[in-house]
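Take a look at the structure set out below.
Each value in this text was obtained by applying a stated rule to the coordinates, not by laboratory testing. None of these values were measured; they are calculated from a predicted model. Please note: Cβ atoms are built from the backbone with ideal geometry, for glycine as well, and neighbour counts cover all protein chains shown.
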Amino acid sequence: MSELAHFFLEPGPLGISNAAFLFSLAMAYFVHNDARTHHVPHAGWWALGTFLAWIIFFPLYMFRYYRGRKRG
């Protein structure tokens, strides 16, 4: 395995891979920016929830706040 792949896929000091950490961080960043843009209450809490447990909070956020928007 190359050194770059080893860096991203092997567990780090927190027990999760760097790729998983960066993915969670990116999802939280998206949720926070989207929530602030559309004036969703508690944007920071949504972002924190997405960072800590994205598999639960990201679909919940998308279902609750994203589906009712008009495309355009």
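Annotations
- Residue check, Gly49 at negative phi and in contact with a Leu (Cβ under 9 Å, 6 or more places away or on another chain): yes
- Pairs linking a residue in the stretch 1-29 that is closer than 25 Å to Ala43 by Cα to a residue that is in a helix (DSSP H, G or I) and hydroxyl-bearing (Ser, Thr, Tyr), with Cβ atoms under 8 Å and 6 or more positions apart or on different chains, are Ser24/Thr50; Met27/Thr50; Ala28/Thr50.
- Count - residues of the stretch 28-57 that are within 30 Å of Glu3 (Cα to Cα) and exposed (fewer than 11 other Cβ atoms within 10 Å of the Cβ): 1
- Comparison of Leu25, Leu9, Leu60 shows that the only residue that is touching a strand residue (DSSP E or B) at 6+ places or on another chain (Cβ under 6 Å) and surrounded by 12 or more Cβ atoms within 10 Å (Cβ to Cβ) is Leu9.
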